[in-house]
Each structure stands twice: as structure tokens, then as C-alpha cells.
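The values are calculated or read from the model by the stated rules, or taken from the named source; none is laboratory data. Everything quoted here is computed from the prediction, not taken from an experiment. Positions of Cβ are backbone-derived with ideal geometry, glycine not excepted, and every protein chain shown enters the neighbour counts.
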Amino acid sequence: MSNELQAFIQTNQPIIEQKLAELIQEIHAPKKLKEAMAYSLQAGGKRIRPLFTLAVLEELNIKSEDATIVACTIEMIHTYSLVHDDLPAMDDDDLRRGKPTNHVVFGEALAILAGDALLTLAFGIVARLPELTAEQKIQLIERLSYAAGAEGMVGGQVLDILGEGKSLTLDELEKVHINKTGALLSYSILAGGIIANASEEIMKALQTYAFHIGLAFQIQDDILDIEGTSEQLGKTAGKDVLSEKNTYPSILTLAGAKEQLQKQYESAIGALKEVNMHEGLLVEFANYITKRSN
């Protein structure tokens, strides 16, 4: 990780953590529900998605208090998806970010409701943002509903489930991950552009960058499931292989997956070059994502 990216993360990650805690503390809800929401939301993690939102604004030299709040709502929706993914009816995991999963601690019913609460809270927070215009808030809500819903993350999860026990083609696997992982990651990048009132040219470049970096993120995840350890990953390593899950290494071999990772990286950087954004934080994030060990 470069010094520039490390400094950016060290500055902004504590701000995100503090705001996440504040947003949960402010709601009027049963104490046990708030505890379950906070447990997973504050369990750690790299905060890649909210940091991406703030990185876009940093690149475009825009300051906005609302940006941090928007960034936190993305992490809420990401966390809700993890809580539900870990349930016995889905991936049946008992470890997440190095801690027992939500349903292990609070029970399945409360874990489901905590996820539901995080999802719906996020939309309400965006609707109440004090600084952004009504048009910006509508754009954010519309894109977020797409990214998180049936045409994005939820749809991708369904495709993933339907693909279990089957041999998928590379195109079919990419469709799963463009939706399941890439949609929300892409939104986090585009949200920064919306908040910054970026030009159509920059938004188009960000969209292309986001598409490819989202795929790169998932390919590296698949590689790490083979090469990483449970201690490094904070979740069960090697589970994809044991469950015979469709992954990039299983379709392309490990070497082929690494080649595909490099291809997606180059396409992402190429999009940034078109708008002269290829020497800043977004490039550093691309480097980090493709070389990370957890």
C-alpha cells in the first residue's frame, strides 16, 4: 500500500467508524436490535466501499459533510448483505471478520431483522441529507435501490444460489459477480461523482473503472480463498473449494484467474487515463485491491 493511500485511509477510516456508531445510536429502536445492528456494523473490515466514495471526492477536490454520511449508508447495506449471507439458509458461516457471525451471537430471527433494519435505515438517511439537492438525493436513492436490489446485489445472490452444483461458464460467473459484488462497489464510486456534480465524461469513466475494479475485487477474493488463511481473511479460508463453488480459479485455473485479474486492472486504469485521473487515489485503490492479502 502506498504512503498516499495509507494516509488517506488513516485519516478517513476513523471518521467513518465514528459516524457509523453515531448513526446507529441516534435511531429510536429496541436496544437488542440496535446491539445486533452495531455488532456487525462495527466488527471491523476494510471499509473499501465508503472509502471509495470519499476518494472520488478527494480526486475531484470537493468537500462535503454529506459525503461521509452517504459513505456510511453504503457500509450499512454491505453489512446487511453479509449478515444475511452468513445465515444457515444461505452460506451457513459462523465466522465473519474474525468474530462469530451475527446469527451465532443473536440468533437467526434477530440477525434477519438487524439486516432488514440496516437496509431500510440507509435509504431514510440518504433522503434526509441536509446539504445535497433534491435531485442529487433522488439520483443516489434510485441508483442505490438498483445496486442493492433485484437487478443488482440481491439478483446476483440468487444467480449464485441457482448456480450451486452446476458448472458455470465464465460469462455466467461474471454475471453473478457483476451483480452480487460489483453493483454495490460500483455505486460507491458513482455516488462520489453524484455528490461532486461530476461531468458526464467523468461519470462515464468512473462507471467503466467501477465495473472493472468490481470484477477485480471478486477475482482477488477467489484467489485469496485458495492462497490465504482464515486468520488473514477473517473468515473461513478454502470454503469455496470444499463446497465446489464456481470461482475464477475453478473455471480458469489459478494462473488463469491471475491473468484475468491483471486484465480487469488494466481496463480500470485505462478508463481513468481518458479523464486524466490515472495518477491519484483511484489508481492506488486499484493497486491495493489487486494485491491485497485479506
query = Here are some residues: Q207, Q218. Which one is surrounded by fewer than 17 Cβ atoms within 10 Å (Cβ to Cβ), in contact with a helix residue (DSSP H, G or I) (Cβ under 7 Å, 6 or more places away or on another chain), modelled with pLDDT of 90 or more and under 30 Å from I138 (Cα atoms)?
reply = Q207
request  = Answer yes if at least one residue in segment 260-268 is among the hydrophobic types (A, V, I, L, M, F, W, C), more than 26 Å from D160 (Cβ to Cβ), modelled with pLDDT of 95 or more and not in a loop (DSSP other than H, G, I, E, B), and no otherwise.
outcome  = no
remark   = Checked segment 136-171 for anything crowded, with 16+ Cβ neighbours inside 10 Å and of a type in the set (K, R); matches are K137, R143
note = For Y80, the lone unmet condition from (1) more than 19 Å from L119 (Cβ to Cβ); (2) surrounded by 18 or more Cβ atoms within 10 Å (Cβ to Cβ); (3) within 20 Å of the chain's Cα centre (by Cα) is (1)
